[in-house]
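Notes to accompany the following structure.
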Amino acid sequence: MDQVLPSARSRGRIVVIGGDGFCGWPTALRLSADGYDVTIVDNLVRRRIDEELGVDSLTPIADLPVRLETWSRLGKPEIGFEEIDVAEDYAALRACLERLRPEAVVHFGEQRSAPYSMRNPTAKRYTVANNIRATHNLLCAIVELGLDPHVVHLGTMGVYGYDGDGLEIPEGYLRVKVANDEGDLFDRSILYPTNPGSVYHLTKSMDQLLFQYYAKNDDLRITDLHQGIVWGTQTDETRLDERLVNRFDYDGDYGTVLNRFLMQSAVGHPLTVHGTGGQTRAFINIADTVNCIALALADPPEAGDPVRIRNQMTETHRVRDLAHLVADKTGAEVALVDNPRNEAAENDLRVSNRSFLDAGLNPITLAEGLLDESISIARKYRDRCDLSRIPATSLWTERQAPGRPEFA
Ligand SMILES: NC(=O)c1ccc[n+]([C@@H]2O[C@H](COP(=O)([O-])OP(=O)(O)OC[C@H]3O[C@@H](n4cnc5c(N)ncnc54)[C@H](O)[C@@H]3O)[C@@H](O)[C@H]2O)c1
């Protein structure tokens, strides 16, 4: 098959798998603006899941061809698009990689909602089949074709679990000492023990082993970004035209916690805090997601290196503190509701994000003005909100079913 040559001014060719999604779309635009030749690979399943759930992004997102045409009309480099299910259609993925021979592949193409992954057996099985096969197909195709792209994968902080013993979570690896029968100690560096809290997180834990194996056996160059919960909507590029606006999920399945609070405050709904709200989580603004990916691409590992794991988060907060922050700014009420998740009621969280800070990341924090931008976006589009979609309905275990004592 013919190979596509990068244009003369290009910094290199990048395939963005999942480039129509919440993190993938602003990343694709940023990389294009930075001078990379970008091709989005996506099967558009996220838009179909909205239909299945009867919800829609709070912001009116344009169809992908309209998004891409708008970008070109602004005088920006053309972004390619291939509609491929990377989990199901290995041949199409392989042909695409063979033709494009990318210098890097950024892999966002997975089912990313923990509550959705817990809805029912069909959703659990779909999440495992989709996520594991998507990742494995990508790695397998790269090896089959003898390519050497830098693979940058979006993983999650959730693989570490939230044990809350106050120890700082390192960037992926734990240094341990192992004793032999004679008591002699040996140094080892092992993947930080995973402790997934949902079927979705389980798939990200399994991805880690796929990466470890392919980096070791086939010298693939892989960066795995353990990302915190993303908040915010817009980036410099998505602000350029309303048809480039990023998606804003607010529903009980896909809405991430802070964006859900912002939207709830905009429509006069109480901010629904699960349990005591004592869960501490790691957060990052969408613009910093994009910044971190650009930094990761600029600093690939060498062939033969272990997987480079970087914690992609900028601050930690307790969920109830976030609710009160938003309530103080907007006058909303805070309501404690039953927690649908099977998790510790309270935890502490300390995380190292040294590698991005050392690389020059200047984090956007909640204390800065972008919270106001998110509030104004939520207010602008509040008429598009379907209040019935706000509650989280997926339960983690049968024990929590209505009528059972644990749920009362
Ligand atoms: N959003 C967050 O807060 C967050 C936090 C931590 C990690 N992440 C990770 O970042 C990545 C992107 O998250 P997001 O919020 O942009 O999710 P998203 O659902 O908005 O985007 C994922 C994109 O991948 C596509 N996709 C899914 N399966 C595919 C397949 N088999 N073939 C081709 N395309 C496929 C979807 O259509 C969608 O456009 C995910 O892997 C997620 O686990 C997200």
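The values are calculated or read from the model by the stated rules, or taken from the named source; none is laboratory data. Owing to the predicted nature of the structure, the values given are computational and were not obtained by experimental measurement. In this analysis, Cβ positions are derived from the backbone assuming ideal geometry, glycine residues included, and neighbour counts consider all displayed protein chains.
General observations
- N195 vs. criteria without any contact (Cβ under 8 Å) to a residue 12 or more places away in the chain and of a type outside the set (S, T, Y): no
- Residue match in region 279-300 (condition: within 16 Å of the ligand (Cβ to nearest atom), part of a loop (DSSP other than H, G, I, E, B) and in contact (Cβ under 8 Å) with a residue 40 or more places away in the chain): yes
- Members of region 145-171 found to be charged (D, E, K, R) and farther than 20 Å from I222 by Cα, listed by number: D163, D165, E168
- Tally, over region 62-99, of residues that are assigned to a helix (DSSP H, G or I) and in contact (Cβ under 8 Å) with a residue 60 or more places away in the chain: 9
- Only residues that are more than 15 Å from A392 (Cβ to Cβ) and polar (S, T, N, Q) were counted across region 107-121, and they come to 1.
- Sole exception among (1) surrounded by fewer than 21 Cβ atoms within 10 Å (Cβ to Cβ); (2) over 30 Å from Q279 (Cβ atoms); (3) aliphatic (A, V, I, L, M); (4) within 19 Å of the chain's Cα centre (by Cα) for A129, by number: (2)
- Being under 26 Å from M118 (Cβ atoms), among the β-branched types (V, I, T), in contact with a helix residue (DSSP H, G or I) (Cβ under 7 Å, 6 or more places away or on another chain) and within 12 Å of the ligand (Cβ to nearest atom) holds for only one residue in V257, V273, and it is V257.
- Some residue of region 179-190 being out of contact with any helix residue (DSSP H, G or I) (no Cβ under 7 Å at 6 or more places or on another chain), within 26 Å of P300 (Cα to Cα) and aliphatic (A, V, I, L, M): yes
- Residues within region 37-55 that are surrounded by fewer than 20 Cβ atoms within 10 Å (Cβ to Cβ), outside any helix (DSSP H, G or I) and away from the ligand (no atom under 12 Å from the Cβ), tallied: 1
- Entry remark, region 140-151: residues being buried (at least 23 other Cβ atoms within 10 Å of the Cβ) and within 15 Å of the ligand (Cβ to nearest atom) number 1 in total.
- Yes/no for E373 being farther than 23 Å from R320 by Cβ, modelled with pLDDT of 85 or more and over 20 Å from the mean Cα position of the chain (by Cα): yes
- Failed item in (1) surrounded by fewer than 13 Cβ atoms within 10 Å (Cβ to Cβ); (2) of a type in the set (V, I, T); (3) modelled with pLDDT of 90 or more, with T397 passing the rest: (3)
- Enumeration of residues in region 19-36 that are more than 6 Å from the ligand (Cβ to nearest atom) and of a type in the set (A, V, I, L, M, F, W, C): W25, A28, L29, L31, A33
- So G255, is it at positive phi and either buried (at least 24 other Cβ atoms within 10 Å of the Cβ) or outside any helix (DSSP H, G or I) (or both): no
- No other residue among T316, T235, T272 is among the hydroxyl-bearing types (S, T, Y), out of contact with any Gly (no Cβ under 9 Å at 6 or more places or on another chain) and surrounded by fewer than 24 Cβ atoms within 10 Å (Cβ to Cβ) apart from T235.
- Residues of region 105-133 that are in contact with a Gly (Cβ under 7 Å, 6 or more places away or on another chain), more than 11 Å from the ligand (Cβ to nearest atom) and either among the small types (G, A, S) or closer than 26 Å to A296 by Cβ (or both): none at all.
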